[in-house]
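Single-structure report; data block below.
The values are calculated or read from the model by the stated rules, or taken from the named source; none is laboratory data. Because the structure is predicted, anything quoted here is derived from the model rather than measured. Here the Cβ positions follow ideal geometry from the backbone for every residue, glycine too, while neighbour counts run over all protein chains shown. What goes into the accessible areas is simple: the full protein's heavy atoms, side chains included, and nothing from ligands, DNA or RNA. Shrake-Rupley method; radii C 1.70, N 1.55, O 1.52, S 1.80 Å.
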Amino acid sequence: MDKKTGTTNDIVIGAASGYSWEDIEAWAMSLIMSGFEGIRALILYDGHEHNESIADLLRSNGFRVIRRGRSDGVYNGRFADIASVLSELEEPTRYAVVTDVRDVYFQSDPAAWLENNLTKPLLAVSEGVRYSDEPWNRDNLRNGFPDHAARILPKTVCNVGVIAGDVQVVADVCLAISMFAKSSGFDVADQSAYNLILDIEPYRSIVQIAQSEDGFGCQAGTMADPGNILQSVLLEPQPALDSEGVKTASGKLYPIVHQYDRVSEWDRALRRLLEPQILRSYLTYLESTAGSGTVSSRAGSVSRRHSDTGKPMVSLVCPTYQRSSFLREAIRYFFAQNYDGGLEMVILDDSPEPDHGLTDPKYVEMGIRYYHMPLKRLTMGTKMNLLMQLAQGDILVQYDDDDYYAPNYVERMVEFLGDADFLTLSGWFVYSMEHRSLFYWRADITSPEHFIVEPTGPIRSVSTLDWDPSWTNGNTWGYGFSYVWRKSVFSTVAMPDIPDDGLCWDYDFYLRLERAGLETVCKPDTEGIVLHILHPQSSVCQVPQWILPEFLTQKLFSGFRGIKERDSPQLAE
C-alpha cells in the first residue's frame, strides 16, 4: 500500500529477446484488456531490427520498457534481470507476476485473483502432470540436474513461464532460478532449476501450488495441446474454450492462459478478441510518434486550403506498402487536385523502412500526413480502420497508391456523393501496363462478350451467356479504389481485421453499410476522372467490355505519364 496515495501497486513483467512485434502483441494487448492497472513492464533485449519501434509502441500504451544488451542465454539469464528490476522498483509494490511473453494471454486481472486467493508468499502453477510421466520435462530435468533427477521425478511439474506472489519473494526466486540454471551448464535449465528450488527449504514451505482447477493459470502445453497431451497421466480435468474464453472444467475463467497457441482453435478465438484493443493501441502509437521523424503529422496543422468556401473537408486515405515510385506519383496527383474545399492526404505505410522523403515536416503544411507502422504487415481491414480514425475530413476518399486520379477527381466524386453516405463508381477506365492498352468496364451490366485482363498474361475474350447475372453486384460495389464515404459512418460500421466468409475488405465494407441501412449510390465514370491501373504487382483482374484505342489514354488522361518501379521520381513541390 502506498501510504501517500492510498493505492496498491502490482507489476506484471516479462522479457523478450529477438522477438518481433507479432511475437509480443498478444501478451501486451491482452494485458491491457485484462483490466490490470498496475505496472506493465517488459525487458527488451537487443537483437531485433525493430526494437526501437516496439519500445515506442509499448511506451505509448503505458508500458515500462527496460532495455538490455544482447542476451547470452535468455532461458537461464532473463531471471537475473527480472530479479534486478523487481528489487529496484521505486514505488511500493505488492504482487509481482512474471510470465513468458510469446505464448501468454491474459483474460482477466491476475492481481485480483491473487488478492482473493493467495495464501502464501509464492505462487507456482502446476502443469497437471508428474515429471516422470511427461517426456520433455523428464529429459530436461535429467539434462540440467542429473544428480538430483531422482528427487524431482515423482513430483508435479510447475511451469516457470508463470510465477507470482509477493514482489520481493518473487525477485529472490527469480535470482535463484538464474543462478541454479547457469550452474547446470545446460542452456535451457530454467524450468528444472525452478522445480528443484521449489523442493528446497525455505521455498518448499512458502509456496502455494495452483492447480489447474484453481483457475489462475492454464498450462495448455500439457493440459490441452492436441499434439502433446497424455490424457492417461493428467492429474486434473482438461480446460475448455467457450464464448467467454478458456475456462477450467468447472467453468472458472483463467486470468492467464499459457501456451494458448498450441491449440489452434484457442489461438484464433483469443486473437480475434484482441482486434479492438490492437486498433486502439496502433492508433495511440501513430498519434504519439507524430513529428518524431518516423511520422510526419501534427494535429491541427493540416492544410485546409480554401476552407472558407463552405465545402466539406475531404481526406484522401492512402494505404501503401513498399511502392515508393507509385506513391510519389499519387502525391503528384494529390497536389494537382482542383477541389476548392479543405483537402488532406493521409498515408499509412507498413513497409519495413519509412519513406524518408515524406518524413520532412514541410509536407504536413502541404496537406500530407505520413504515418509509418513498421512492426508488422497490416491487413487492409486494419489499415482502413486506422486511416478512418486518423483522417480529419468529413468525407473520406479511398486513394490507391497505384491508380491515376485526374485533377477534378475529388471535386466530381463529392458532387456524385451528394447527400448519400457512400459512393462508388459503377463504370471506369482501365489501363494495362503489360499490354499498353486502354479498356472500359461497366461493372453494373453484363454484355454478351467481355475481356479478361490480368496483371500479366494474354488478354482473353469470353462469352457471358452462361454467367450468373448476379455477378455484377460484387463487381459494381466491390472495387474499393473509387470508394467515397462520410466519416460519420465509422460510428456505425467498422471494418474487421479480416472479413468473414473470405470477402475482400472493400466488398465486406459495402455490405456492412447496406445492412446498416445507410444510403449507398454508384455512378459510372464517363468523363475520365480516374484511370484504374493494372501492373505486375496488381492483385486483381479486370473484366471490361470494350478495348479502346491506345491514343485515347493521353487524350483523356493527360496527367498520366506511366509508372516504372525502377524509376524514383522526386516528390512534387
Problem set entry | Reachable aspartates and glutamates from residue 555, criterion Cα separation under 13 angstrom, eight or more residues apart if same chain | 527
Seminar exercise, completed: Accessible-area order for 436, 138, 369, largest to smallest, probe 1.4 angstrom, reads 436, 138, 369
For this session: Kindly provide the GluC sites (Glu not before Pro) of the range 78-141 that DSSP labels as loop, not H, G, I, E or B, and whose Cβ sees at most 16 other Cβ atoms within 10 Å.
Result: 88, 90
For this session: Return one whole number: the accessible area per residue of the chain in Å², for a 1.4 Å probe.
Result: 41 Å²
Problem set entry | Overall form of the range 228-272 per C-alpha gyration tensor (a/c, 1.5; a/b vs b/c) | oblate
Problem set entry | Residue-by-residue Karplus 3J(HN,Hα) for the range 486-495, coefficients 6.51, -1.76, 1.60, Hz, glycine and proline x | 7, 4, 4, 5, 4, 5, 9, 10, 10, 8
Seminar exercise, completed: As straight-line cross-link partners of residue 523, the qualifying aspartates and glutamates (C-alpha separation under 15 Å, not fewer than 8 residues apart within one chain) are 411, 415, 419, 421, 444
Exercise. Taking all protein chains as present, what is the carbon and sulfur share of the accessible area of the chain, in % to the nearest whole number, probe 1.4 Å?
Worked result: 48 percent
Exercise. What percent antiparallel are the DSSP beta bridges of the chain, to the nearest 5?
Worked result: 45 percent
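By its C-alpha gyration tensor, with a ≥ b ≥ c as the square roots of the eigenvalues, how is the range 1-108 shaped: rounded for a/c under 1.5, else prolate for a/b larger than b/c, else oblate? Each step should come with its number before you reach the end.
Numbers: a/c = 1.85, a/b = 1.41, b/c = 1.31.
Verdict is prolate for the range 1-108.
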Problem set entry | Helix-only CD estimate at 222 nm, as mean residue ellipticity for the chain, using -39500 (n - 2.57) per DSSP H run (n ≥ 4) | -9000 deg cm²/dmol
Problem set entry | Gained length - residue 356 relative to residue 537, 0.36 nm times residue gap less alpha-carbon distance | 62.9 nm
Exercise. Using a 1.4 angstrom probe with every protein chain in place, what is the largest-first accessible-area order of 550, 213?
Worked result: 550, 213
Exercise. Quick one: how many Å² of residue 435 are accessible to a 1.4 Å probe, rounded to 10?
Worked result: 50 Å²
For this session: State the label only: which of [x] 1.29; [y] 1.00; [z] 1.17 corresponds to Cα Rg over 2.2 N^0.38 Å computed from the shown model?
Result: [z]
Seminar exercise, completed: In nanometres, the difference between 0.36 nm per residue of separation and the alpha-carbon distance of residue 365 and residue 265 is 31.2 nm
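Want the number for residue 8 to residue 288: 0.36 nm per residue separation, take away the alpha-carbon distance, what's left? Can you show the working numbers first?
Details: separation 280, 0.36 × 280 = 100.80 nm, distance 2.82 nm.
Roughly 98.0 nm would be gained on extension.
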Exercise. From a point 7 Å beyond the Cα of residue 139 in the direction of its Cβ, which residues of the range 176-191 have a backbone N at a distance under 18 Å?
Worked result: 186-191
Exercise. In nm, to one decimal, how far is the residue 20 label point from the residue 168 one, both placed 7 Å along Cα→Cβ?
Worked result: 4.4 nm
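So what is the relative contact order of the range 447-486, in percent, for Cα pairs below 8 Å that sit 6 or more residues apart? Could the numbers behind the result be given before it?
Numbers: 22 pairs, mean separation 11.5, N = 40.
Relative contact order, the range 447-486: 29 percent.
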Exercise. Once the whole set of protein chains is in place, how much accessible area is left on residue 99, using a 1.4 Å probe, in Å² to the nearest 10?
Worked result: 10 Å²
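Taking 25 Å as R0, compute the FRET efficiency from the Cβ-Cβ separation of residue 243 and residue 376 and round it to 0.05. Don't skip to the answer; put the middle values down first.
Numbers: r = 27 Å, r/R0 = 1.10.
Efficiency, rounded to the nearest 0.05: 0.35.
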Problem set entry | Flagged links, alpha-carbon separation over 27 Å, of 383/487; 182/376; 362/383; 247/383 | 182/376; 247/383
Exercise. Taking Cα pairs under 8 Å and at least six residues apart, what relative contact order does the range 365-492 come out at, in percent?
Worked result: 33 percent
For this session: Note down the accessible area of residue 151, probe 1.4 Å, to the nearest 10 Å².
Result: 110 Å²
Exercise. Percent relative contact order of the chain, based on C-alpha pairs within less than 8 angstrom and at least six residues apart?
Worked result: 12 percent
Exercise. What ³J(HN,Hα) values, in whole Hz, does the Karplus curve 6.51 cos²θ - 1.76 cosθ + 1.60 give for the range 317-330 when θ = phi - 60°, with x put for Gly and Pro?
Worked result: 9, 10, x, 8, 7, 6, 9, 4, 5, 4, 4, 5, 5, 4
Problem set entry | In order through the range 165-176: 3J(HN,Hα) via Karplus (6.51 cos²θ - 1.76 cosθ + 1.60), integer Hz, x for Gly, Pro | x, 4, 4, 6, 5, 5, 4, 5, 4, 4, 4, 5
